[in-house]
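Asker: Submitted below is the structure of interest, expressed as structure tokens.
Laboratory data are not the source of any read-out in this text; all were calculated from the coordinates shown. Keep in mind it's a predicted model, so treat the numbers as computed, not measured. Counting neighbours? That spans all protein chains shown, and the Cβs are built from the backbone with ideal geometry, glycine included.
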């Protein structure tokens with residue numbers, strides 16, 4: 001303390017000229033700060049401000065027009081009502097299942113689709129195509145395909161003598177069925193990302209492995225797999241963010257039902273909003289925010305760190 | 001290329017067997033649902049209600065098409081107009097506004113950079129707070145308006161665009177800027193006449209990817225633009241689901257119609273979509 005005091009006292013006259021110079025530079029800079037302005041206004045008003053406001057309104061009983069501060073009541077409600085709290089568990093389950101399957105299937109598809117086979121271009125387009133169909137379109141289509149009595153899936157199963165379950169009507173199964181459809185629709189992106197990664201591997205690595213007598217499985221295990229780390233990071237992060245926030249598909253396929261068995265946080269937020277419980281809805285949003293941040297940020301840090309170590 | 005090591009003969013077998021197997025599996029898993037949409041959209045109401053995957057006994061494709069377009073006072077036409085305005089408006093704005101940010105962020109080293117980078121990452125990760133956004137929009141008088149929704153889409157899609165632009169600007173040599181400055185170009189001319197044209201390829205990528213997102217978006221129109229007047233195409237499907245009850249032929253015709261624009265886009269811009277979706281894969 002005693003050491004720093006004199007120094008701070010001594011500084012004022014000196015930095016005077018540098019700041020003056022940078023200020024003049026700023027005026028002349030070919031990259032003016034006001035280029036940020038249009039983006040900053042839109043982003044600040046419609047994204048940053050509502051995000052901060054949500055932390056306050058989550059603590060209120062709120063009807064758009066006036067709000068009454070009620071402390072943590074909304075969160076107490078959220079964590080004590082099983083049908084609300086379950087949406088948190090479902091969100092986690094859903095995100096983990098979808099991103100896990102996307103990693104595994106995406107990698108398998110990518111290895112297959114970058115090997116020497118006929119009709120490779122066609123196959124790649126077909127796998128990618130569902131990505132372009134809206135979640136609503138996919139949801140309605142699979143709602144029909146998964147119909148317990150007349151749906152195509154159960155008809156086919158009946159043809160082989162299997163009594164198909166009620167994919168979307170069985171409370172134990174509904175969430176998993178939707179997750180499965182999510183993977184169906186989204187695995188194309190994961191596959192593409194992995195293909196881009198595989199293509200970037202120098203051919204010499206595979207040749208060297210071959211010279212050393214590595215089998216196809218071994219060269220996959222020891223060459224492809226370790227080099228796929230950056231791609232895997234991307235796939236995991238992207239699909240986790242997507243999975244945790246998922247709404248449209250669940251809403252069109254089950255509406256959170258039967259009962260509350262496939263409710264996730266995003267659908268709970270919408271339901272409470274519709275019911276007019278704006279404070280509770282916003283509290284759900286805050287829980288979602290915390291959940292996404294608590295999972296994605298450490299994961300991001302962890303996965304990127306491992307990369308540096310290698 | 002990667003895994004099929006072995007004798008040439010084995011390779012040739014793998015090439016054909018693997019490829020054919022792939023075709024069969026993808027046909028069952030990926031093509032059948034699309035065929036189902038098309039076939040159901042061509043059936044009579046009664047036949048469609050059986051939900052079967054079968055060839056239509058009578059083709060009602062044109063009748064269904066006319067019926068769906070006329071339904072509820074041509075709401076689908078309104079919706080297509082709305083969705084087009086929404087997509088074109090928000091993507092255009094997004095490109096200009098985020099290109100400016102990405103450009104200055106890459107070129108100018110200032111003490112604000114870490115903070116701005118943080119905001120960009122936050123934009124990718126943080127789920128938007130729904131009701132507070134409605135509250136803000138309402139106090140600005142842009143709730144339930146198309147331009148309000150356009151601005152919301154811009155705000156939510158901006159982060160991705162900025163990342164794309166920043167990465168691309170890094171590949172443009174600074175000497176170009178310096179030459180233009182020497183020639184007396186101001187900041188605006190430098191950006192719009194020298195840099196912006198060079199961004200063409202990344203602009204196409206951003207346009208294509210964001211168009212798919214905005215056109216297919218369901219959640220934001222549902223929250224921020226409710227009501228029939230402003231319905232977007234995605235909402236028509238959702239509303240028809242309630243209204244048409246079990247008239248699956250109309251519903252699937254609607255799905256078919258709103259899928260076609262993206263299909264056409266994919267066929268034309270295949271490469272850009274792939275580039276956009278996989279960007280960052282190699283960089284991590």
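Asker: For peptide B:101-107, compute the average count of partner chain beta-carbon atoms within 10 Å of each residue's beta-carbon.
Answerer: What the average comes to for B:101-107 is 4.
Asker: Using Cα centres only, tell me the gap between the stretch A:68-137 and the stretch A:232-310 in whole Å.
Answerer: So the separation of the two Cα centres works out to 10 Å.
Asker: Using the Kirkwood radius over C-alpha pairs as Rh, can you work out the diffusion coefficient of the stretch A:28-83 via Stokes-Einstein at 37 °C, viscosity 0.692 mPa s, in µm² per second?
Answerer: Once the numbers are plugged in, D ends up at 232 µm²/s.
Asker: Quick one: angle between helix B:32-41 and the longest Cα principal axis of chain B, in degrees between 0 and 90, rounded to 10, please.
Answerer: In chain B, helix B:32-41 runs at an angle near 60 degrees to the longest axis.
Asker: With angles folded into 0 to 90 degrees, how steeply does helix B:146-169 sit against the dominant principal axis of chain B? Use alpha carbons for both and round to 10.
Answerer: Helix B:146-169 sits at roughly 60 degrees to that axis.
Asker: Find the relative contact order for the stretch A:182-308 and round it to a whole percent, using C-alpha pairs within less than 8 Å whose residues are 6+ positions apart. Before the final figure, lay out each step's value.
Answerer: Numbers: 72 pairs, mean separation 26.7, N = 127.
Dividing the mean separation by the residue count of the stretch A:182-308 yields 21 percent.
Asker: Relative to the compact-globule scaling 2.2 N^0.38 Å, provide the ratio for the alpha-carbon radius of gyration of the stretch B:54-96.
Answerer: 1.76
Asker: Another one. Given the peptides B:257-267, A:198-208, arrange them by the average over their residues of other C-beta atoms within 10 Å, most packed first. Working shown, then result.
Answerer: Working: B:257-267: 16.8, A:198-208: 13.5.
My ranking of the peptides, most packed first, is B:257-267, A:198-208.
Asker: Given that compact globular proteins tend to follow 2.2 N^0.38 Å, what is the ratio of the alpha-carbon Rg of the protein assembly as shown to that value?
Answerer: This ratio for the protein assembly as shown stands at 1.06.
Asker: Arrange A:90, B:60 by Cβ neighbour counts within 10 Å, fewest through most, would you?
Answerer: B:60, A:90
Asker: Can you give the FRET efficiency for residue B:38 and residue B:182, using 1/(1 + (r/R0)^6), R0 = 45 Å, r = Cβ-Cβ distance, to the nearest 0.05?
Answerer: Once the sixth-power term is evaluated, E becomes 0.15.
Asker: Once you have the Cα-Cα distance between residue A:73 and residue A:205, take 0.36 nm times their residue separation minus that, and quote the gain in nm to one decimal.
Answerer: 41.6 nm
Asker: Cβ neighbours within 10 Å, averaged per peptide: list A:132-142, A:241-251 in order, most packed at the top.
Answerer: Final packing ranking: A:132-142, A:241-251.
Asker: Rg/Rh for the stretch A:125-229: what does it come to with C-alpha atoms and Rh from Kirkwood?
Answerer: 1.18
Asker: Under 8 Å for C-alpha pairs, at least 6 residues apart: give me the relative contact order for chain A, rounded to a whole percent.
Answerer: Answer for chain A is 26 percent.
Asker: Can you classify chain B as rounded, prolate or oblate using the Cα gyration tensor, where a ≥ b ≥ c are the square roots of its eigenvalues, rounded means a/c under 1.5, and otherwise it's prolate if a/b beats b/c and oblate if not?
Answerer: The shape class here is oblate.
Asker: Pick out which of B:233, B:152, B:104 has the largest mean-square fluctuation in a Gaussian network model of chain B, springs linking Cα atoms closer than 10 Å.
Answerer: Most flexible of the set in this elastic network: B:104.
Asker: Average partner chain C-beta neighbours within 10 Å, per residue of A:140-150?
Answerer: Taking the mean over all residues of the peptide, I get 4.
Asker: Mind checking Rg over Rh on the stretch A:209-254, alpha carbons, Kirkwood formula for Rh?
Answerer: With Rg and the Kirkwood Rh in hand, the quotient comes to 1.34.
Asker: When chain A is modelled as a GNM with alpha-carbon springs shorter than 10 Å, which of A:38, A:50, A:165 fluctuates the most?
Answerer: Result: A:38 has the largest fluctuation of those listed.
Asker: Sticking with this one: Ratio of the stretch A:83-309's C-alpha Rg to 2.2 N^0.38 Å, to two decimals?
Answerer: Cα Rg divided by the expected 2.2 N^0.38 Å: 1.17.
Asker: If you line up the long axis of helix B:61-107 against the longest principal axis of chain B, both from Cα atoms, how many degrees apart are they, to the nearest 10?
Answerer: 20
Asker: Given a Förster distance of 45 Å, report the FRET efficiency between residue B:193 and residue B:17 from their Cβ-Cβ distance, rounded to the nearest 0.05. Please list the in-between numbers first.
Answerer: Details: r = 56 Å, r/R0 = 1.25.
Efficiency computed from Cβ-Cβ geometry: 0.20.
Asker: What is the mean number of Cβ atoms from other protein chains located within 10 Å of the Cβ atom of each residue in peptide B:28-35, rounded to a whole number? Spell out each step's value before the answer.
Answerer: On the way: counts 1, 5, 10, 2, 3, 12, 6, 0.
Partner Cβ neighbours, averaged per residue: 5.
Asker: Give me B:253, B:158 ranked fewest to most by other Cβ atoms within 10 Å of their Cβ, as a rough exposure proxy.
Answerer: Ordered from fewest to most neighbouring Cβ atoms within 10 Å, B:253, B:158 come out as B:158, B:253.
Asker: Would you look at the GNM of chain A, springs on alpha carbons closer than 10 Å, and say which of A:78, A:289, A:35 moves the most?
Answerer: Of A:78, A:289, A:35, the most mobile in the Gaussian network model is A:35.
Asker: I'd like the FRET efficiency for residue A:304 and residue B:84, computed as 1/(1 + (r/R0)^6) with the beta carbon distance as r and R0 of 56 Å, rounded to 0.05.
Answerer: Efficiency at R0 = 56 Å is approximately 0.90.
Asker: Ok, one more. Among A:174-181, B:180-187, A:68-75, how do they line up from the highest to the lowest mean number of other beta-carbon atoms within 10 Å? Could the numbers behind the result be given before it?
Answerer: On the way: A:174-181: 22.6, B:180-187: 12.9, A:68-75: 14.4.
Order by mean packing, descending: A:174-181, A:68-75, B:180-187.
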